[in-house]
Amino acid sequence: MSLCLNPDCLAVNPETHRFCHKCGQKLWLKGRYQALKLIGQGGFGKTLLAVDLDKPSRLHCVIKQ
Ligand SMILES: [Zn+2]
């Protein structure tokens, strides 16, 4: 699964998609970070669990918006 990075959308897309089926935005941040799920949400923004596709080990990381 791949989460849309558009803060107003956050649609869940199939892993194979490169663009959001709902809003059309690119799903991979800088072409390498794929958001997996929303792990936090507060007054300052959202925190997303992501995977770094540029690393062979597919390290997990966190994206803050
Ligand atoms: Zn979207």
Handout entry: Qualifying position, being assigned to a strand (DSSP E or B), closer than 16 Å to residue 12 by Cβ and open to solvent by 80 Å² or more (accessible area, probe 1.4 Å), among 37, 46
Key = 37
Fill in the blank from the handout: Reported set for region 1-19 where residues are of a type in the set (S, T, N, Q), open to solvent by less than 50 Å² (accessible area, probe 1.4 Å) and more than 7 Å from the ligand (Cβ to nearest atom) is 2, 13
Exercise for the section: State whether the residues of region 20-32 include one that is among the polar types (S, T, N, Q) and not in a loop (DSSP other than H, G, I, E, B). Expected result: no
Problem - residue 42 being out of contact with any Leu (no Cβ under 8 Å at 6 or more places or on another chain), free of Cβ contacts under 8 Å to residues at least 12 places away in the same chain and within 15 Å of the ligand (Cβ to nearest atom) - result: no
Exercise for the section: Select, from 64, 26, 22, 37, the only residue that is more than 13 Å from the ligand (Cβ to nearest atom) and over 9 Å from the mean Cα position of the chain (by Cα). Expected result: 64
Exercise for the section: Output the qualifying pairs, or none if there are none: Cβ atoms under 6 angstrom, residues six or more apart or on different chains, first residue in region 1-27 and on the phi < 0 side of the Ramachandran plot, second residue open to solvent by 80 Å² or more (accessible area, probe 1.4 Å) and within 6 Å of the ligand (Cβ to nearest atom). Expected result: 9/22; 11/22
Exercise for the section: For residues that are within 14 Å of residue 2 (Cα to Cα) and among the small types (Gly, Ala, Ser), tally how many sit in region 14-65. Expected result: 4
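The values are calculated or read from the model by the stated rules, or taken from the named source; none is laboratory data. Because the structure is predicted, anything quoted here is derived from the model rather than measured. Quick reminder, even Gly has a Cβ in these numbers, built from the backbone with ideal geometry, and neighbours come from all protein chains shown. When the accessible area is computed, the model is the full protein with side chains, heavy atoms only, and any ligands, DNA or RNA have been set aside. Shrake-Rupley method; radii C 1.70, N 1.55, O 1.52, S 1.80 Å.
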